[in-house]
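Where a number appears in this text, it was derived from the coordinates with a stated rule and is not lab data. Because the structure is predicted, anything quoted here is derived from the model rather than measured. Glycine gets a Cβ as well: all are built from the backbone with ideal geometry, and neighbour counts include every protein chain shown.
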Amino acid sequence: MKTIDLRSDTVTQPTAAMREAMMAAPVGDDVFGDDPSVNALQAHIAAITGKEAALFMPSGTQSNLCAILAHCARGDEYIVGQNAHTYRYEGGGAAVFGSVQPQPLNQDAQGRMALDAIEAAIKPDDMHFARTRLLCLENTWNGHPMTDAYLQDATQLARERGLATHLDGARLFNAAVATAAPGQSALARVREIADLFDSLSVCFSKGLGAPVGSALCGSQALIERARRIRKMAGGGLRQAGVLAAAAHHALDHHVNRLADDHALTQRLAGGLQGIEGLTVRSAQTNIVFVDVADGRGPALLDHLKADGVLATGLIGLRFVTHLNVDAAGIDLAIASVRDFFARAPVATAGARGNGPY
Ligand SMILES: *Cc1c(COP(=O)(O)O)cnc(C)c1O
């Protein structure tokens, strides 16, 4: 039985062409700066994002960590979303390794922190307070591309108040493909968003389909500080060119095809619409969230698994599309969900209330 793995866009297999590119990659010791494939990738992603320099990273977590520690010193503080990946899902690394205090703020359903909340969280220059140094945003947020208006307003506020700005752009290419103006290329759109930030981290290992790797992009000075921190964190890799070649191949061949993943997201959301007991909460770029009534999320996951369909969650389930999923797989997932609710329909309130207890 074929597995339809919708747990994450991190589960992709390198394509045959990507493996060819990896095989053919010239390599050297990157700690000495000798790896031509790493250097080429770094130059390429720096050019795409319009930054002076870039640094290849083993993971997005390490990339964000190096960014925060390169922007902030011990005793400094960064403002970040309460549910942002950098704050909530990276083990508290900035605090643990850098003694950088997070100032988490609530976010709305699109991942936005209110501007007045950001403003109020910026501490005055007073010995009682940590020094507020950095604003960190995330795009896409749970699949939502951030609006231009918010990105501009939030980064402008940060600049006016003397804060640096960092974007966790793990899925920035999804955001760019989804929000490019008619006739505008996805890469031009990436550049437009990147221009608003001092630094950004992008993942090659998510929708772009590379097996490993992220990049931190920023000024030469920031990247040199980040390089020291990356070494401390154990991220100085040697013949990393085999991995950089995969990421480079992904940039050349897998950006525009993200539109296919987004179309599959809409196909899935459309197929799940109107099932009693299940609500499609959001279907943006390559991620669908559904809420399952009556605590039946885990049972639905088990049912899907028996049909070879994998997803994650408990009450809210998450389905992520990517380059190893096609329309037939999505249709199979929809059929499996419909079958689950058809076999054991949602109990009506009356039936629940009149049980033989
Ligand atoms: C996946 C992800 C990261 C970190 O990436 P890893 O390579 O898994 O460490 C950071 N931010 C967001 C929003 C992500 O989705």
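Considering the conditions (1) out of contact with any strand residue (DSSP E or B) (no Cβ under 9 Å at 6 or more places or on another chain); (2) closer than 18 Å to Asp108 by Cβ, Gln156 is excluded by exactly one of them, (2).
Among residues of the stretch 199-217 that are on the phi > 0 side of the Ramachandran plot, those with a beta-carbon under 6 Å from a residue that is assigned to a loop (DSSP other than H, G, I, E, B) and more than 8 Å from the ligand (Cβ to nearest atom) at least six positions away or on a different chain give the pairs Gly209/Thr12; Gly209/His254; Gly209/Leu323; Gly213/Phe204.
Among the residues making up the stretch 110-136, those that are within 16 Å of the ligand (Cβ to nearest atom) and either within 16 Å of Gln284 (Cβ to Cβ) or in a loop (DSSP other than H, G, I, E, B) (or both) are Gln110, Gly111, Arg112, Met113. Is one or more of the residues making up the stretch 147-169 in contact (Cβ under 8 Å) with a residue 12 or more places away in the chain, within 16 Å of the ligand (Cβ to nearest atom), hydrophobic (A, V, I, L, M, F, W, C) and buried (at least 24 other Cβ atoms within 10 Å of the Cβ)? There is at least one residue in the stretch 147-169 that is in contact (Cβ under 8 Å) with a residue 12 or more places away in the chain, within 16 Å of the ligand (Cβ to nearest atom), hydrophobic (A, V, I, L, M, F, W, C) and buried (at least 24 other Cβ atoms within 10 Å of the Cβ). Would you check if Ala263 is small (Gly, Ala, Ser) and in a helix (DSSP H, G or I)? Yes, satisfied. Residues that are more than 8 Å from the ligand (Cβ to nearest atom) and crowded, with 23+ Cβ neighbours inside 10 Å within the stretch 58-80 comprise Leu65, Cys66, Ala67, Ile68, Leu69, Ala70, His71, Cys72, Tyr78, Ile79, Val80, listed in sequence order.
When the helices (runs of 4 or more DSSP H) confined to the stretch 1-106 are screened for residues that are farther than 25 Å from Ala120 by Cα, in contact (Cβ under 8 Å) with a residue 24 or more places away in the chain and among the aliphatic types (A, V, I, L, M), those reaching at least 2 such residues are found at 16-24, 36-49.
Quick check on the stretch 170-184: of everything there that is within 17 Å of Asp9 (Cα to Cα) and not aliphatic (A, V, I, L, M), which residue is nearest to the ligand (Cβ to nearest atom)? Among them, the one singled out is Arg171. Mind listing whichever residues of the stretch 207-221 are within 15 Å of the ligand (Cβ to nearest atom) and buried (at least 24 other Cβ atoms within 10 Å of the Cβ)? Those that are within 15 Å of the ligand (Cβ to nearest atom) and buried (at least 24 other Cβ atoms within 10 Å of the Cβ): Gly207, Leu208, Gly209, Ala210, Gly213, Ser214, Ala215, Leu216, Cys217.
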